[in-house]
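Down below is the structure, laid out as C-alpha cells.
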Amino acid sequence: MSKKYVGKDVLKVDAKDKVTGEAQYPSDLKFEDYLHVKIKRASYPHAILKKIDVSKAKRVEGVVDILTEKDYPDLNKFGLIIKDQPVLVKEGEKMRFMGDALAIIIAETEEAALKARDKIEVEVEKLEVISDPHRALEKDAPTIHNDIEDLCTNYVDPEVGKQNILMDHHLEKGDIEKGFEDADFIVENEYQTQHIDQLPIQNEAGYALYDENNDVIKIWAASQWLHDTQADVAQSINLPKEKVRIIQTAIGGAFGKKEDVSVHIHLALAARHTKRPVKLVYTREESMISQSKRHPLTIKAKTGVTNDGYLTAWQVKVIGDAGAYASSSPAVVHKGMYHCTGPYNVPNVRGDSYAVYTNNTYGGAMRGFGTTQMAFAYESQIDIIAHKLDMDPAQFRYQNAYEIGSTTPNGQKLGKSVNLKRTIESATDLAQWEGEISE
C-alpha cells in the first residue's frame, strides 16, 4: 500500500472556498431579470391522468406561462440506465408516484408560481397503489409499466408474477445442494431494510438560460454524472448534446442522490420557452418526494455450516423495491446480491435478485450501492450462527475470512489487498477482546 498520504495532512482543494463562503452553490447564483419555476406534481401515486386544466392558474398575476405535455408532445423519457421516466405526464397516461411532474409553472415571483400551482385542476382515474414489492410480485397485481419491453430475461420463479419485475439476476457458485448436504445444520432468516434519504444539505437547485445566438441551453446545477446528465437532457428534448451545456456548481452534498436528473430538464424547457433566465429550487419536501432513495431490500438467507464453524453453503433471495422508475436499480439490487456472503469464504452459493417496480419514490444510488443493505443481512446471519454454535463471533469470522486466493460468489479470484484477517486481529487487540482468535 502506498504511504504517500497515509498518516499525513492532505489539503482539501475546495475547503477554503467553502469555509470562506466563496463557493458558489446553484441557489447562490444571481441572474438579472430571471423567472421562478415550480413543478406541479402528481395528485395520486398510481392513477391515469384524465385531464389537466391550467386555465385558472394562468390567470394568476405574475404567471408568465405554464407548460404541460401538450406544449411539448415529442418529449422523450429519461433515466440513468433505462429511459422509463416521463418529463411530463401525458393526459391518458399514468402517474406512477407522487413525484411525477404534470406541469411546469413559470412566473415572475416564487409566490405567484406557488399560487398558480395550487390552482391547477387535475382529474384522475385512481388505480390500486402498490407500495409493497411483495404485492407487486403477486400474479394478480396490476402492471405498473405497461409500455416497456420485458427486461426480466432470466426469470426462474414460477410462484410469482413477473409483470412488475424490472430486472432479475442469478448467481451460481459450486453445488448448492451438496453444500447443504455437507452442513451439520442450516440457519434461515429474513432481513428487511428501509427507504433512506441521502439528505444532502443542499437540495436540488439550478439556473438555466437560453443562448439564442448559438441555440445553446446553459444549465448551472450540481450533478454527479455531468456528461450522462447532459446526454439525458439533450435526448429528452430532442437536441444534439452540443446544444446543452451543464456548468457544474459546488455540489452541496450528494451521496448518490444527485446522479439522477432533477431540475435539469424542466429548467431547459423553461429557459428555451421564455428566452429568459430561470431558477428552480426544490424544497426539502419536494426533494424527499421526487428524488431517489436508498433501496429497501428484503433478503432471505439460508446458510449451511459445520459444527466446527465452517460455512458450506449460502443461498439468498433478494427483493429490491425499485419504486416507480428504474434509476440505478438494475445495478444496485444485483450488486447487493453479489456481496451476499460478505468477505467470507463459502464454496457453494446461489443467489436470485429481483428489482421490482412499485408506486414508491424510486430507489437509486446511495453510498455502498446495495452492499450496505447486504452487510446488515450477512453480518446479522454470521452473529446468529456464531451464537448457535456457542462460538466467539470474532473467531467464527476469522476462520471463514477471505485471504489471498479466495474466490468471491461471482468467481473473482482475489490476488491482492485482502486484509480482513489482519483487520480482525487489530480490531480485537484494540478492543481488548476477551476471546482468542486462531487459524
With respect to residue 222, determine if the residue is crowded, with 21+ Cβ neighbours inside 10 Å, touching a Ser or Thr at 6+ places or on another chain (Cβ under 6 Å) and modelled with pLDDT under 95. yes
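Residue by residue, here is whether (1) of a type in the set (D, E, K, R); (2) within 24 Å of residue 238 (Cα to Cα) holds:
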position	(1), (2)
28	yes, no
34	no, no
60	no, no
65	yes, yes
83	yes, yes
From the list 66, 82, 52, which residue is outside any helix (DSSP H, G or I) and under 30 Å from residue 227 (Cβ atoms)? 82
Yes or no: segment 186-206 includes at least one residue that is farther than 30 Å from residue 15 by Cα and free of Cβ contacts under 8 Å to residues at least 40 places away in the same chain. no
Give the number of residues within segment 287-339 that are more than 16 Å from the chain's Cα centre (by Cα) and at positive phi. 1
Among the residues that make up segment 286-294, is at least one of them touching a Pro at 6+ places or on another chain (Cβ under 9 Å), buried (at least 17 other Cβ atoms within 10 Å of the Cβ) and not in a loop (DSSP other than H, G, I, E, B)? yes
Filter segment 18-49 for residues that are in a helix (DSSP H, G or I) and within 30 Å of residue 96 (Cβ to Cβ) and give the result. 26, 27
Residue list for segment 85-123, filter: among the β-branched types (Val, Ile, Thr) and in a strand (DSSP E or B): 104, 105, 106, 122
Return a yes/no flag: does segment 162-169 have any residue that is at pLDDT 95 or above, part of a strand (DSSP E or B) and among the acidic types (Asp, Glu). no
Here are some conditions: (1) outside any helix (DSSP H, G or I); (2) in contact with a strand residue (DSSP E or B) (Cβ under 9 Å, 6 or more places away or on another chain). Residue 73 meets all but one. Which one does it not meet? (2)
Among the residues of segment 186-202, how many are over 16 Å from the mean Cα position of the chain (by Cα) and modelled with pLDDT under 95? 2
Can you pull out every residue in segment 201-258 that is part of a strand (DSSP E or B), out of contact with any helix residue (DSSP H, G or I) (no Cβ under 7 Å at 6 or more places or on another chain) and β-branched (Val, Ile, Thr)? 247
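The values are calculated or read from the model by the stated rules, or taken from the named source; none is laboratory data. On a predicted model such as this, the values are computed, not experimentally measured, just so you know. Quick reminder, even Gly has a Cβ in these numbers, built from the backbone with ideal geometry, and neighbours come from all protein chains shown.
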